[in-house]
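Enquirer: The structure that follows is given in the form of structure tokens.
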Amino acid sequence: MADMSIPKAAPAAAPKKRGPFTQAAELVSQRMPELKRKLRMADMDDDPVVFLEKTIRATALMSACLLVLVYLFIYQSILDNLARNALMAVVMIVGPLVLVPLASFFYLLLYPDAALIRRQKELDYEIVFAARHIAIALKSGMPLFDTFAGASAGYGAVSREFSRIVDKVVLGTPVTQAIRDITQNNPSKYFNRVMIQIANSVSSGADVGSSLESVLDQISKEQLIALKEYSQKLTPIVMFYMVFGIIVPSLGIVLATVVFSAISGGKFGFSSGLLVIAFFLIAVVQFLFLGIVESARPKYLI
């Protein structure tokens, strides 16, 4: 007798685990439709909701620590204003509760942008050498797929992109389609230009090696121009840093101390609290200058 038993249904997928910040993350993600593409270009595997959930959780922890420090610092001022100006006291109490979490959230929200810029610089750093490797291999008669496989090691972030192309081709995707898929979420204009040139040459049947060499010559010239422009920008940046990061803070505090002491007959001076604030501001200014110089410096291997 034939078996007439009803086949068992496949087990349902486990529902996604929801945390305490999941609903807030879903609401925020609806207002940030570009976040998904930004995460892909930054080579971050997180879903936008998952990323925002982590960001909100980190914001809560960071805000709690910062609020403790802020209230410890302004505690005495709040007590003084409670007797003289109740409105100011309320502002000093409520203000940090609003500003600190917002500032922390938007600061942490910049992480994908920083990761995107870092990835772009890593790709721009060795794209010329990796592409020349491909051009030389193609001119020697090596197939295009083998050149990609050979360049998938030894060139850092560029090699990882070639590895992804190789993986797609192995799975059955045509070479030109695999190239176009990879370039869609790639932040490096130099890498995209090289790969699109290869894809167009393959599609049209042109000599890939010769067309690639012309593109690489143009990219090398553009990178040299960028390095020269940076050297020209560096001089005014250094001058600005010397004036506002070293001379003005050091001599300004000394001059202000002398002037205020002379005017007030020695009754007015800088307290230790004001000096700590001045030291903190000077440190922030110098950190910002160093960050500007480092971020503005182009990193190319040419």
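The values are calculated or read from the model by the stated rules, or taken from the named source; none is laboratory data. This is a predicted model, so every value here is computed, not measured. Note that we place each Cβ from the backbone using ideal geometry, even for glycine, and neighbour counts take in every protein chain shown.
Enquirer: Taking only pairs six or more apart or across chains, which ones have beta-carbon atoms under 8 Å, a first residue in region 66-89 that is over 19 Å from Leu102 (Cα atoms) and assigned to a helix (DSSP H, G or I), and a second residue that is modelled with pLDDT under 85 and polar (S, T, N, Q)?
Expert: Final answer for the pair search is Met88/Asn81; Ala89/Asn81.
Enquirer: Looking at Leu99, Leu67, Leu35, which one is loosely packed, with under 15 Cβ neighbours inside 10 Å and outside the structural domain of Gln184 (by TED's automatic domain parsing)?
Expert: Of the residues listed, the single one that is loosely packed, with under 15 Cβ neighbours inside 10 Å and outside the structural domain of Gln184 (by TED's automatic domain parsing) is Leu99.
Enquirer: Could you say whether any residue in region 107-123 is modelled with pLDDT of 90 or more, more than 30 Å from Ser163 (Cα to Cα) and part of a helix (DSSP H, G or I)?
Expert: Among the residues of region 107-123, at least one is modelled with pLDDT of 90 or more, more than 30 Å from Ser163 (Cα to Cα) and part of a helix (DSSP H, G or I), which makes the answer yes.
Enquirer: Would you mind listing the helices (runs of 4 or more DSSP H) fully within region 155-246 where at least 1 residues are farther than 26 Å from Lys36 by Cα and of a type in the set (Asp, Glu)?
Expert: Per the criteria, 208-241.
Enquirer: Here's a follow-up. Sort out which residues of region 146-172 are surrounded by fewer than 15 Cβ atoms within 10 Å (Cβ to Cβ) and farther than 17 Å from Phe191 by Cα, and write them in order of number.
Expert: Asp146, Asp167, Val170, Leu171, Gly172
Enquirer: Okay, next question. Could you say which residue among Ser214, Ser201 is more than 30 Å from Leu290 (Cβ to Cβ) and surrounded by 14 or more Cβ atoms within 10 Å (Cβ to Cβ)?
Expert: Of the residues listed, the single one that is more than 30 Å from Leu290 (Cβ to Cβ) and surrounded by 14 or more Cβ atoms within 10 Å (Cβ to Cβ) is Ser201.
Enquirer: Is region 273-281 home to any residue that is at pLDDT 70 or above, within 30 Å of Ser188 (Cβ to Cβ), surrounded by 13 or more Cβ atoms within 10 Å (Cβ to Cβ) and assigned by TED's automatic domain parsing to the domain that holds Tyr230?
Expert: No, the conditions are met nowhere in region 273-281.
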